Amino acid sequence: MTGWLGYEPNGWWGIVEDALAEDVGPGDLSTLGMDPGRIVQWEIEAQERGIVCGVGIAASLLGPMGTESGTMTLEHRDGDVVDRGDVILAGRASAARILQLERTALNFLMQLSGVSTLTAKYVDRVKGLPVRIVDTRKTVPMMRQLQKYAVRCGGGYNHRMGLYDAVMIKDNHIAAHGSISRAVGVLRALNSHTTRIEVECENPEQVEEAIQSGADIVMLDNMDPFTMRSLVTRFKGHVIFEASGGISLDTVRGVAETGVDVISVGALTHSAPSLSLHMEFRN
């Protein structure tokens with residue numbers, strides 16, 4: 001077991017290397033003079049219930065290196081539910097090396113597990129309804145691939161990865177082009193037939209224009225549930241409907257009950273609190 005759930009996020013090791021360079025720099029002053037032969041038993045333990053994510057990263061950092069005498073076992077992998085006191089992974093290794101890597105490993109584990117845990121809470125709130133919870137591009141810079149992977153580990157789905165894999169026509173695009181119809185027409189002509197076009201709409205008139213223009217997806221932005229339900233009922237089957245804008249754990253069920261196909265939540269990545277985890281040395 002590697003710890004990863006499905007395929008590994010693209011470019012993850014480069015992100016981890018940069019994080020190590022940021023923390024360790026030219027060397028760890030706190031382990032100077034420590035016996036290099038000192039071997040310790042270590043464990044990473046959950047301090048609260050949640051969905052763990054980042055095990056693959058921690059395992060790659062903390063596992064035996066080269067000819068080093070050591071072991072490592074994984075008790076959980078990404079996407080698993082953990083409770084307070086559960087050991088996620090454990091091993092035996094050089095005390096100095098583990099102390100240098102501890103914070104970087106925990107930073108990734110805690111942040112990504114927080115994203116997975118919050119995602120799972122949203123997914124649970126809409127259980128039984130035919131709707132997907134998806135993320136947005138509101139991610140920590142340079143952490144997008146990992147945060148979106150964490151969303152999947154929590155049972156959610158990914159929106160577009162970046163500006164390169166789908167068309168999203170937002171209010172400023174509409175203003176720049178002059179109208180929704182013109183924006184959709186221009187971008188349909190310039191993009192591949194496999195590229196979907198989504199239009200962000202703030203009122204029913206924009207929704208009607210977007211559908212008449214041939215949009216594939218319509219985002220109902222910051223609309224009240226009554227308006228959303230009316231639009232979905234009227235145009236169901238013509239487009240995919242996405243609801244977005246300030247949706248919380250308290251309101252997501254009501255939004256899902258309007259019949260929308262997708263609910264996008266920026267908070268999954270920009271506001272998820274870290275899951276509390278810690279490392280302990282055992283004698």
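None of the figures in this text is laboratory data; all of them are computed from the coordinates on show. Bear in mind the structure is a predicted one, so any value in this text is a computation, not a measurement. Every residue, glycine among them, receives a Cβ derived from its backbone with ideal geometry; neighbour counts consider all protein chains shown.
Apply the a/c threshold of 1.5 to the C-alpha gyration tensor of the range 124-270 and tell me whether it is rounded, prolate or oblate. Oblate shape, in that a/c is at least 1.5 and b/c is the bigger or equal ratio.
Loop exposure criterion: chymotrypsin sites (Phe, Trp or Tyr not before Pro), DSSP state outside H, G, I, E and B, at most 16 other Cβ atoms within 10 Å. Applied to the chain, the longest stretch between such sites is 8-163.
Once both axes come from the Cα atoms, what is the angle between helix 144-153 and the longest principal axis of the chain, in degrees from 0 to 90, rounded to 10? Between helix and principal axis, roughly 90 degrees. Helical content alone sets the calculated 222 nm signal of the chain at -11500 deg cm²/dmol, taking -39,500 (n - 2.57) per DSSP H segment of four or more residues and averaging over every residue. Amide H to amide H distances under 5 Å link Met72 with Arg92, where only residues 5 or more positions off or on other chains count and H is placed in the peptide plane. Principal axis analysis of the Cα atoms in the chain yields extents of 72, 38, 28 Å, listed in decreasing size.
Placing unit charges on the Cβ atoms only, positive for Lys and Arg and negative for Asp and Glu, gives the range 124-270 a dipole magnitude near 520 debye about its Cα centre.
Multiplying the residue separation of Val81 and Tyr7 by 0.36 nm and subtracting their alpha-carbon distance yields 24.7 nm. Ordering Thr194, Gly162, Ala21 by Cα displacement along the dipole of the chain toward the positive end leaves Thr194 in first place; charges were set at the Cβ atoms of Lys, Arg (+1) and Asp, Glu (-1). Under the convention that each Lys and Arg Cβ holds +1 and each Asp and Glu Cβ holds -1, the size of the dipole of the chain around its Cα centre is about 460 debye.
Measure out, as a whole number of angstrom, how far apart the alpha-carbon centroids of the range 169-246 and the range 32-69 sit. Centre-to-centre distance over Cα atoms comes out at 48 Å.
Using Cα pairs under 8 angstrom and six or more residues apart, how large is the relative contact order of the range 124-270, in percent? Value for the range 124-270: 30 percent.
Excluding residues fewer than 8 places away in the same chain, name every one of the aspartates and glutamates whose C-alpha is closer than 15 Å to that of Lys138. Here the aspartates and glutamates satisfying the reach criterion relative to Lys138 do not exist.
Of all aspartates and glutamates in the structure, the ones whose alpha carbon falls short of 20 Å from that of Lys236, not counting any fewer than 8 places away in one chain, are Glu198, Glu200, Glu202, Glu205, Glu208, Glu209, Asp216, Asp221, Asp224, Glu257, Asp261.
For the chain, the longest principal axis of the C-alpha atoms and the axis of helix 180-190 are separated by about 60°.
3J(HN,Hα) couplings calculated from phi for the range 128-133 with the Karplus curve 6.51 cos²θ - 1.76 cosθ + 1.60 (θ = phi - 60°) are, in sequence order, x, 10, x, 9, 10, 8 Hz; Gly and Pro show x.
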